[in-house]
Structures are given as C-alpha cells and as structure tokens.
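Please read the structure below before turning to the comments.
The values are calculated or read from the model by the stated rules, or taken from the named source; none is laboratory data. All values reported here derive from a predicted model rather than from experimental measurement. Ideal geometry is used to build each Cβ from the backbone, glycine not excepted, and the neighbour counts take in all protein chains shown. The area values use the complete protein model at the heavy-atom level, side chains included, leaving out ligands, DNA and RNA. Shrake-Rupley method; radii C 1.70, N 1.55, O 1.52, S 1.80 Å.
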Amino acid sequence: MAEQTLPPSDVRRPTAPDGRPTARVDPDERDAGVGRPGLTLAILLISQLMLFLDASVVFVALPRISSGLHFSPAGLSWVTNAYTLSFGGLLLLGGRAGDIFGRRRVLVAGIVVFTVASLAAALAADPALLLAARAAQGVGAAFAGPSTLALIASNFAAGPARNRALGAFAAVSGVSLSLGLLAGGILTAWGSWRWVFIVNLPIGGAVLALAPRFVRETVRQPARLDLPGALTSTVGMVALVYGFIRAAGSGWTDPLAIAAFPVAAVAGALFAVAERRAAEPLVPGWLFADRDRVGAYLNMLFLPATMFGTFYFLTQFVQEVLGYGPLRAGLAFLPLSLSLFGTSRIVARLVTRFGARPPMVAGASLIIAGAAWLSQISADGGYLAVAFGPLVLIGVGTGLSFFPLNLTILSSVPAGSAGSASGVLQAMQQVGASLGLAVLVTVYTSGGAGSGPVDTATVAGRRTLTTAMAHGFAVAALFG
C-alpha cells in the first residue's frame with residue numbers, strides 16, 4: 001500500500017470518485033518494510049503490549065495501592081479512570097498527528113511521555129501525584145498507540161507480510177488486557193504495587209533505543225493540524241468517556257454524569273461542522289463511506305464492552321467468592337490469554353481462505369456464548385465449572401475477531417491516512433470499554449450488589465454478589 005504524499009495546502013489534491021485522496025508512491029517508501037522485519041514487528045508489538053497492559057495491570061493491585069497511599073473508595077477508581085480518560089480523549093488527535101509529523105516521531109514522543117509518567121507513578125507519595133501520573137501516561141499512550149498500528153502499514157508490504165504482522169498485532173492487543181491482570185497479580189504478590197509501573201521503564205527504554213534504528217519513518221505530510229477539530233474532538237471524547245465513568249461509579253442520575261453527555265453532544269456537533277469546513281480534517285469523512293469499515297468500527301465498539309465486563313466481574317468472583325489472592329486471580333485468566341493467542345496464530349490463514357466475514361461472525365457467536373454461559377454463574381460453583389469454559393470461548397472468539405476487524409479497517413486506507421483510521425479504531429475501543437462498564441455496573445448494582453456492603457464471608461452474601469453478576473453477564477451477551 002503506497003504512502004500518501006500531500007501537496008501544499010494551496011494546491012487541490014486529486015481525489016478518487018468516493019472522495020478519498022489518491023495516493024502516490026514516494027521514492028523513500030516504495031518498498032514497504034525494513035531489513036530486519038522480525039525486529040521491527042517486535043518493537044511495535046512490545047509498544048502496543050506496554051500501552052494496553054496499563055489499562056488492566058492495576059486492577060489486581062488496587063487494594064495494595066489503596067492501603068499504601070490511603071485512597072478514599074471514590075478516589076481509588078480514578079487510578080484506572082484517569083488513564084482511560086486521557087487515553088480515550090486524545091486518540092483522534094494522536095492518530096492525525098502521526099500522519100502529519102511522522103508516525104515514528106510521534107510514537108517515540110508518546111513513549112517518552114509514557115515512560116517518564118510511569119516513573120512518576122512508581123515514585124508517587126500521595127494520591128494526587130499518582131492520579132496526575134496516570135493521566136500523563138494516558139496522554140503518552142494516546143499519541144503512541146495509533147502510530148504503533150499505523151506503522152505496520154508503512155513497514156510491511158501489502159499481502160502476506162502485512163497480514164502476518166496485523167495478525168500478531170491483533171493477538172497482542174487482545175491478550176494484553178488479560179495479561180495485565182496476570183502481570184499485576186505477579187508483580188503485586190512478589191514485590192509491591194509500585195512494580196506495576198516500574199516494569200514500564202526498561203520496556204520503554206528499549207523501544208526508545210531500538211525504534212529509530214529499526215522502524216521506518218513515514219513521510220511527513222505538509223498539512224496543517226486541524227486545531228478546531230482537535231479541540232472539539234478532545235472535549236467531546238473526554239466528556240463522553242467521563243460521563244460513562246461517572247455513571248458507572250455514581251449512577252445515571254448523578255448530576256455530573258448527566259451534564260457530561262450534553263457537553264459531549266454539543267462538542268460532537270461542533271466537531272462535525274469543523275471537519276466539513278477543514279481543508280485537512282482531523283478525521284477524513286471518507287473513512288465512514290465504506291459500509292464494511294463502518295461495521296468493523298461498530299464491532300470494535302462492542303467487543304471491548306463485553307471483555308471489560310468479563311474482567312470486572314470475574315476478578316471480583318475469583319477474589320471475593322472463591323477467595324483467590326492477587327497472583328492466583330491473575331492466573332485465573334490464563335485460559336483466555338492462551339486460547340486467544342493460539343487462535344490468533346491461525347486466523348490469518350482462515351481469512352485468506354474464507355474471507356474476513358466468516359471468522360468475525362464465528363468469533364462474535366463464541367463471545368456471546370461465553371457471556372451467556374457466565375450468566376449462569378452461582379456462588380456454589382467452582383472455577384472449573386463457572387469460569388474456565390467461558391474464558392476459553394471468549395478467548396477463541398476474540399482471537400477470531402480482532403485480526404479481520406483490523407484488516408477490514410486498514411486494508412483500503414491510503415497509508416498517509418492510516419494514523420487517522422487507527423485513531424478512530426482505538427477511540428472506538430476506549431469508548432466501548434467505558435460504555436460497557438457503565439452499563440454493566442448499573443445492571444450489577446441494580447441486581448442487589450449496590451444496595452450496600454456485601455458480606456462475602458456468608459453464603460447469602462456470596463449469592464447476592466453472584467446473582468448481580470449473572471444479570472451483568474446476561475447484558476454483556478447482548479453487547480457481543
């Protein structure tokens with residue numbers, strides 16, 4: 001796929017009949033790929049793993065963080081929310097910045113911010129400093145994340161090489177959330193909660209040292225950054241994600257949650273107006289002209305909603321009902337990670353033989369089946385009876401879904417706009433995760449778990465908890 005090179009802003013760009021900018025091959029980008037493709041891919045995958053791992057690695061460590069820094073119950077949730085909010089709010093801007101300024105350059109800048117913020121989080125002496133560091137981590141991730149995916153398009157030639165790279169990327173993206181729970185359990189049990197942030201330092205340092213040598217830079221686009229679009233999209237995304245986060249923690253009648261959604265709607269409307277008027281829009285409108293791509297984006301909205309619900313409820317089930325410690329709780333998600341990774345190794349061949357749609361349909365069906373199975377959860381069942389089978393089904397279903405979805409979204413996008421397409425993709429994931437968690441937690445609390453503290457030391461308390469979880473899983477099946 002050729003790299004798009006944009007002419008100066010006062011020269012009208014040629015467009016295809018569907019309004020999409022035409023691409024030409026730049027001499028420096030004629031041969032996609034580099035001399036060490038395996039190392040190039042490893043660098044990009046490690047970057048993706050580190051960024052997405054941080055979305056879930058702190059889940060298991062939260063009790064230790066709470067006791068160590070004396071968080072209030074309400075404040076503790078913002079250890080995860082601060083990262084989610086800044087990450088999701090800036091993804092569209094981060095994706096377009098990579099297209100304009102060079103994706104490797106933006107990736108490196110994002111990793112610098114993320115790594116320094118990780119050090120600040122590890123050294124935090126009070127809740128305010130930790131939350132500020134988590135927000136800064138999200139900023140770095142928002143700029144590095146879209147460039148990580150888009151760099152695959154510019155470093156690997158279209159065809160089998162790029163398909164294999166996208167397959168590996170999809171595997172890492174899907175596995176990273178569950179691996180975060182495992183890594184958080186190991187690091188917390190064997191060391192301290194601070195190690196969930198310290199571990200990012202050598203990984204980030206390695207990426208910063210190797211990326212300039214082994215990852216091909218993309219051609220910088222001589223275009224202006226759409227500042228009105230950047231401002232309105234950031235305000236809209238932050239307000240939308242915040243509204244879902246607030247609703248999950250305080251309920252849908254909370255004044256701040258209610259106020260956030262009109263702000264998001266107004267900002268979204270202003271963003272649409274700004275994009276129509278912009279010569280170089282932050283998100284090109286032709287991205288949504290393809291029905292298959294729009295369908296893939298919608299799938300990327302609902303898939304994380306189901307997965308985050310699974311993590312949220314099952315983490316509580318294995319710790320509160322089954323009495324697992326942090327390490328064992330992390331290991332409980334290993335069946336999902338292994339089945340997802342194993343499926344991701346063969347899905348590229350399935351897509352080559354059958355096309356993208358059959359694996360996506362099969363994957364969605366398995367995810368729905370897994371969530372429906374979990375809706376039968378009970379306090380009397382053990383891990384093997386309640387969780388093992390559904391985790392395998394959801395892992396296989398996710399493995400079948402991620403690669404064809406990524407391929408559908410990126411396959412017909414000119415390389416010069418791959419950052420924007422990737423930013424929208426990851427924005428959908430973040431909004432979906434926040435939306436899903438808000439809805440499922442609402443169902444969960446209305447099912448009895450939110451009426452007050454639940455004493456899980458008693459049979460009645462455990463049954464109350466699992467009944468509420470069953471209601472949540474039933475709704476999660478609808479998201480699938």
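To the nearest 500 deg cm²/dmol, what mean residue ellipticity at 222 nm is calculated for the chain from DSSP H runs of n ≥ 4 alone, each contributing -39,500 (n - 2.57), summed and divided by the residues?
Numbers: 19 runs with 340 residues, N = 480.
It lands at -24000 deg cm²/dmol.
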Can you pull the three principal axis extents for the Cα set of segment 370-429, in Å, largest first? 55, 19, 14
Any chance you could check the Cα centroid distance between segment 216-273 and segment 288-343 for me, in angstrom? 25
Quickly rank 279-285, 104-110 as a protection proxy: mean count of other C-beta atoms within 10 Å, highest first. 104-110, 279-285
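Mind checking segment 141-217 for trypsin sites (Lys or Arg not before Pro) that DSSP puts in a loop (not H, G, I, E or B) and that have at most 15 other Cβ atoms within 10 Å?
none
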The helix 103-123 Cα axis meets the longest alpha-carbon principal axis of the chain at an angle in degrees, between 0 and 90 and rounded to 10, of 30
In whole angstrom, note down how far apart the Cα centers of segment 355-417 and segment 106-127 are. 32
Would you rank Arg462, Arg220, Arg276 by solvent-accessible area, highest first, keeping every protein chain in place and using a 1.4 Å probe? Arg276, Arg220, Arg462
Provide, as a two-decimal number, the C-alpha radius of gyration of segment 241-395 over 2.2 N^0.38 Å, N being how many residues it has. 1.35
Give a residue-ordered list of calculated ³J(HN,Hα) values for segment 283-299 (Karplus: 6.51 cos²θ - 1.76 cosθ + 1.60, θ = phi - 60°; whole Hz; x for Gly, Pro). 10, x, x, 5, 4, 9, 7, 8, 5, 5, 5, 4, x, 5, 4, 5, 4
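Can you send over the carbon and sulfur percentage of the accessible area for segment 232-297, probe radius 1.4 Å, protein chains only?
Exposed carbon and sulfur together represent 68 percent of the surface.
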Going highest first, how would you order 53-62, 353-362 by mean Cβ packing within 10 Å? 53-62, 353-362
For Tyr324, distant residues with modelled amide H under 5 Å away: Gln319
Solvent exposure of the chain as accessible area per residue, Å², 1.4 Å probe: 39
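Determine the sum of side-chain charges near Asn200: Lys and Arg each +1, Asp and Glu each -1, restricted to other residues whose C-beta is under 13 angstrom from that of Asn200. It would help to have the intermediate numbers written out before the result.
Numbers: positive: Arg134, Arg194; negative: Asp54.
Surrounding charge for Asn200 is +1.
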Rounded, prolate or oblate for segment 172-327? Axes are the square roots of the Cα gyration tensor eigenvalues, ordered a ≥ b ≥ c, and the cut-off for rounded is a/c under 1.5. oblate
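Which net charge results for the neighbourhood of Leu322, defined as the other residues with beta-carbon distances under 13 angstrom from its beta-carbon, given Lys and Arg at +1 and Asp and Glu at -1?
Values: positive: Arg328, Arg462; negative: Glu320, Asp380.
With Lys, Arg at +1 and Asp, Glu at -1, the neighbours total 0.
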What do you reckon, how do Trp190, Trp78, Trp286 stack up by accessible area (1.4 Å probe), largest on top? Trp190, Trp78, Trp286
Using Cα pairs under 8 angstrom and six or more residues apart, how large is the relative contact order of the chain, in percent? 22
Once the cut-off is 18 Å, how many percent of the Cα-Cα pairs in segment 166-258 end up in the long-distance tail? 74
proj_area_mean for segment 115-221 (convex hull on C-alpha atoms), units nm², value 8.2
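To the nearest 0.05, how large is the calculated FRET efficiency for Arg357 and Ala265 if R₀ is 30 Å and r is the Cβ-Cβ distance? Can you show the working numbers first?
On the way: r = 33 Å, r/R0 = 1.10.
Given R0 = 30 Å and the Cβ-Cβ separation, E is 0.35.
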Any chance you could look up the accessible area of Ile198 with a 1.4 Å probe, heavy atoms only, rounded to 10 Å²? 50
For the chain, list log₁₀ I(q)/I(0) at each q in 0.09 Å⁻¹, using the Debye formula over Cα point scatterers of equal strength and ignoring solvent, two decimals each. -0.57
Compute the whole-percent fraction of alpha carbon pairs in segment 352-453 spaced more than 23 Å apart. 46
Total formal charge among the other residues, if their Cβ is under 12 angstrom from that of Ile346, Lys/Arg +1 and Asp/Glu -1: +4
By the mean-Cβ-within-10 Å protection proxy, highest first, 143-156, 330-343 rank as 143-156, 330-343
